[in-house]
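Read the figures in this text as sums done on the coordinates, not as results from a lab. Owing to the predicted nature of the structure, the values given are computational and were not obtained by experimental measurement. Cβ atoms come from the backbone with ideal geometry, glycine included; neighbour counts cover every protein chain shown.
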Ligand code: C5P
Ligand code: MG
């Protein structure tokens, strides 16, 4: 990958808990869905319901004793129920920037070096997220790193003409269908063609499928951020990713790898 240089490279990264921090000063930080769990957008009942859904389904998402196939129906239910709840609450597009500003979400330490370096060397960065696209875009914008080399595949909100959420666009993306989604987007992302070397970053085993749409891939270097339930999941992560980072809240290792290539 180093020999081929930046002209042959593309970076494919998950968003929640991969580009964003999992925790800061001992406190968990929110995913894009959880940023929306703000009383400016939804009522008290829905806040409670969203927390209950998280407490029910997140343990299933990260359970090392279940296979991706076993988790899949639970993930579909979780995402579908939360999206329905958000639609019922008639979320307003013009409130999104404010709830992102009020949230404690943070990009990982060293994020600016990462985003700026890729932009400077014209290396495409595909952010492939089962989170909420409108929210993740706002997080990136508010951190001043929304550069032209960015491509995003995510769950985008569909607002009516008055700016009220009425649906989510396109195929639902959850943590364990990234392979199907990658294949269905493969031809559309022209800027990614002819770049056979991939640096892939993720925090879930489902993220390993994000590069399945890359045609004629030569080298795929995978980096896994293991944030939670470290001891229980370490073995499966080490068996699946090339590099596993344990409770590392920084972009230091991806940045070192990039420095060798560009
Ligand atoms: O960007 P990424 O693909 O990581 O986004 C998905 C993450 O969002 C999942 O890992 C899941 O834990 C989290 N999630 C959430 N609330 C939901 C649905 C998913 O926090 N309602
Ligand atoms: Mg993630």
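Starting from residues that are assigned to a helix (DSSP H, G or I) and in contact with a strand residue (DSSP E or B) (Cβ under 9 Å, 6 or more places away or on another chain), keep the ones in the stretch 112-135 and report whichever is farthest from ligand 2 (Cβ to nearest atom).
Among residues in the stretch 112-135 that are assigned to a helix (DSSP H, G or I) and in contact with a strand residue (DSSP E or B) (Cβ under 9 Å, 6 or more places away or on another chain), the one farthest from ligand 2 (Cβ to nearest atom) is 119.
Could you check how many residues of the stretch 12-37 are part of a loop (DSSP other than H, G, I, E, B) and free of Cβ contacts under 8 Å to residues at least 60 places away in the same chain?
To start, the set of residues in the stretch 12-37 that are part of a loop (DSSP other than H, G, I, E, B) comprises 14-19, 21-22, 25-26, 29-31, 36-37.
Imposing the further condition that a residue be free of Cβ contacts under 8 Å to residues at least 60 places away in the same chain reduces the set to 25-26, 37.
Of the residues in that region, 3 qualify.
Specify the residue that is farthest from ligand 1 (Cβ to nearest atom); the eligible residues are those in the stretch 209-219 that are in a helix (DSSP H, G or I) and touching a helix residue (DSSP H, G or I) at 6+ places or on another chain (Cβ under 6 Å).
209
Is it the case that some residue within the stretch 58-66 is closer than 28 Å to residue 88 by Cα, under 22 Å from the mean Cα position of the chain (by Cα), surrounded by fewer than 21 Cβ atoms within 10 Å (Cβ to Cβ) and more than 9 Å from ligand 1 (Cβ to nearest atom)? Checked against the condition, which is being closer than 28 Å to residue 88 by Cα, under 22 Å from the mean Cα position of the chain (by Cα), surrounded by fewer than 21 Cβ atoms within 10 Å (Cβ to Cβ) and more than 9 Å from ligand 1 (Cβ to nearest atom), the stretch 58-66 yields at least one hit. Residues of the stretch 220-231 that are surrounded by 13 or more Cβ atoms within 10 Å (Cβ to Cβ) and either touching a residue at least 40 places away in the same chain (Cβ under 8 Å) or outside any strand (DSSP E or B) (or both): 221, 225, 227, 228.
Give the stretch 140-155 a look and list any residue that's over 20 Å from residue 6 (Cα atoms) and out of contact with any strand residue (DSSP E or B) (no Cβ under 7 Å at 6 or more places or on another chain), or say none. Answer for the stretch 140-155, where residues must be over 20 Å from residue 6 (Cα atoms) and out of contact with any strand residue (DSSP E or B) (no Cβ under 7 Å at 6 or more places or on another chain): 140, 141, 142, 144. Here residue 182 qualifies as free of Cβ contacts under 8 Å to residues at least 60 places away in the same chain and within 16 Å of ligand 2 (Cβ to nearest atom). Is it the case that some residue within the stretch 83-95 is buried (at least 20 other Cβ atoms within 10 Å of the Cβ) and within 16 Å of ligand 2 (Cβ to nearest atom)? Within the stretch 83-95 (the criterion being buried (at least 20 other Cβ atoms within 10 Å of the Cβ) and within 16 Å of ligand 2 (Cβ to nearest atom)), the answer is no, since none of the residues qualifies. Taking each residue of the stretch 126-153 that is touching a residue at least 12 places away in the same chain (Cβ under 8 Å) and farther than 23 Å from residue 92 by Cα and looking for partners that are more than 16 Å from ligand 2 (Cβ to nearest atom) and part of a strand (DSSP E or B) with beta-carbon atoms closer than 7 Å, six or more apart or interchain, yields 126/10; 126/151; 127/150. Restricting the search to the stretch 212-246, which residues are in contact with a strand residue (DSSP E or B) (Cβ under 8 Å, 6 or more places away or on another chain) and within 15 Å of ligand 2 (Cβ to nearest atom)? Within the stretch 212-246, 222, 223, 224, 225, 226, 227, 233, 237, 240, 241, 244, 245 meet the criteria. Do we find that residue 253 is in a helix (DSSP H, G or I) and under 19 Å from the mean Cα position of the chain (by Cα) in this structure? So residue 253 fits the description; yes. Is it the case, given these coordinates, that residue 234 is away from ligand 1 (no atom under 16 Å from the Cβ) and over 20 Å from residue 149 (Cα atoms)? The answer is yes for residue 234. Give me a count of the residues in the stretch 141-169 that are outside any strand (DSSP E or B) and either at negative phi or under 17 Å from the mean Cα position of the chain (by Cα) (or both). Looking only at that region, the number is 13.
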